[in-house]
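The values are calculated or read from the model by the stated rules, or taken from the named source; none is laboratory data. Model, not experiment: these values are computed from the prediction. Methodologically, a virtual Cβ is constructed for each residue, glycine included, from the backbone with ideal geometry; neighbour enumeration extends over all protein chains shown.
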């Protein structure tokens, strides 16, 4: 009995294995049958060479494609078999051949076949511009309903193999092979020689790529290939690396090629480009308007990467999502931005400075000259802040001139401000010199550098205008002249001895005055 029980278990296991194997075989056959590999009849384009003819199984499109070689000044040997097709075109027409396929190519699927192409520099004894080859899909022999593939312009006269991949947008019963015209300056024809088509139009996996970028200098990238249609099952191979899965990760920046092969052995390739994300910051510092306000601001404009961005100040673990840092004190700051992927910008060391304090460097006062004048003056000198400066005395109007003239005796209060409305206040006192209004001129001076009586200058106790002082030597030569009452003569490069001076001015009573006298320069 135990023996019989064991045998039953063995038979059950064998039956299960058999059923599984049969199911797998049926599945594989189903996948293979699902693959749409469409036969091309007479792919080598064989036929008796002659003009204005299409090879057997093919139909003429427009005018007269030719079975070559041997006619129309074309003698190039075929790449396969004995003959091939020659086509020309101009600005108004395209020659070609078409074939009704054994099964329609389906919209939404992807296909491939290969063909040998060459350029005929001369056709019908005429120079040609370029070679150009185009594949159409259509539902009647000559209907060019959709461009499925188009070569670039070429001029290689040797046979070159082209792999053609296309994905029609709808079903087509016919495939059309044509020459297309690319104009040039020295010819009016285009031409192409066509030979050695693949025996089948094979369905290939129709694929799409999805990529994820990586941070610069890191290996965070990823690539994924998805198959939209094609003969199951699929195999995958990525290069470099050799991975055989549909997705790969931990990639550095660069190009990665994937080949997806269907059950029929036909393949499709695509290249995934993994970009390196590099964040860049444009930083603007807006200083406080006035010293001590502590309203300095740093703003950033970040580019690159994947928003939203996060911003970090001075190594903080708590970022903010707005690119402005406000109400900052002067000092040094470390800035960093990160994107949604975690990629970082270069660290930026930023120094924040605000305007220097607006200060009164000096308030220069000129007291009233004498008993009968009103020529007091206040001149304000500022430092710091942000120029230009503006000034106001008491409750007067703001002015750009820092000097107030024709003032009487007394204490005056003034204000100053800079471009940013930063303000300061100050005061100055003007006194009256109670003395006779007059101008006094010394009779001697000694420019010996001892700090006493080194300069010749007038002592002016009056509010004068139109001042002019001249000094002449004993021969009547002018050795010094000035229209500035504050300017003195230093006597340098002049010998000791006697000199004559002449002074003219208008006094405070608007009377013209002239004084003159002699002067002794003592060494």
Filter the stretch 439-450 for residues that are outside any loop (DSSP other than H, G, I, E, B) and touching a residue at least 40 places away in the same chain (Cβ under 8 Å); the one that is surrounded by the fewest Cβ atoms within 10 Å (Cβ to Cβ) is 444
Checked the stretch 490-501 for anything surrounded by 16 or more Cβ atoms within 10 Å (Cβ to Cβ) and part of a strand (DSSP E or B); matches are 499, 501
When restricted to 411, 326, the only residue surrounded by fewer than 13 Cβ atoms within 10 Å (Cβ to Cβ) and under 25 Å from residue 460 (Cβ atoms) is 411
Conditions (1) farther than 30 Å from residue 314 by Cα; (2) modelled with pLDDT under 95; (3) in contact with a strand residue (DSSP E or B) (Cβ under 9 Å, 6 or more places away or on another chain); (4) surrounded by 12 or more Cβ atoms within 10 Å (Cβ to Cβ) -> residue 341 fails only (1)
Among the residues of the stretch 304-313, is any exposed (fewer than 14 other Cβ atoms within 10 Å of the Cβ), without any contact (Cβ under 8 Å) to a residue 24 or more places away in the chain and touching a strand residue (DSSP E or B) at 6+ places or on another chain (Cβ under 7 Å)?
-> no
Q. Before we move on, is residue 514 out of contact with any strand residue (DSSP E or B) (no Cβ under 6 Å at 6 or more places or on another chain) and either in a strand (DSSP E or B) or touching a residue at least 12 places away in the same chain (Cβ under 8 Å) (or both)?
A. no
Given (1) in contact (Cβ under 8 Å) with a residue 24 or more places away in the chain; (2) part of a loop (DSSP other than H, G, I, E, B); (3) not assigned by TED's automatic domain parsing to the domain that holds residue 500, residue 415 misses just (2)
Report yes if some residue within the stretch 472-487 is over 60 Å from the mean Cα position of the chain (by Cα), outside any strand (DSSP E or B) and in contact (Cβ under 8 Å) with a residue 60 or more places away in the chain; otherwise report no. no
Residue count, the stretch 228-247, condition in contact with a strand residue (DSSP E or B) (Cβ under 8 Å, 6 or more places away or on another chain) and either on the phi > 0 side of the Ramachandran plot or surrounded by 20 or more Cβ atoms within 10 Å (Cβ to Cβ) (or both), comes to 4
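Matching residues to (1) within 30 Å of residue 520 (Cα to Cα); (2) free of Cβ contacts under 8 Å to residues at least 24 places away in the same chain; (3) in the same structural domain as residue 508 (by TED's automatic domain parsing):
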residue: 407; (1), (2), (3): no, no, no
residue: 422; (1), (2), (3): no, no, no
residue: 452; (1), (2), (3): yes, yes, yes
residue: 462; (1), (2), (3): yes, no, yes
Residue 398 fails exactly one of (1) modelled with pLDDT of 95 or more; (2) over 49 Å from the mean Cα position of the chain (by Cα); (3) surrounded by fewer than 18 Cβ atoms within 10 Å (Cβ to Cβ), namely (2)
Scanning the stretch 248-285 for residues that are more than 23 Å from the chain's Cα centre (by Cα) and at positive phi gives 250, 265
Among the residues of the stretch 149-186, the number that are touching a strand residue (DSSP E or B) at 6+ places or on another chain (Cβ under 9 Å) and free of Cβ contacts under 8 Å to residues at least 24 places away in the same chain is 1
A careful count of residues in the stretch 131-146 that are within 22 Å of residue 45 (Cα to Cα), surrounded by fewer than 22 Cβ atoms within 10 Å (Cβ to Cβ) and under 39 Å from the mean Cα position of the chain (by Cα) gives 1
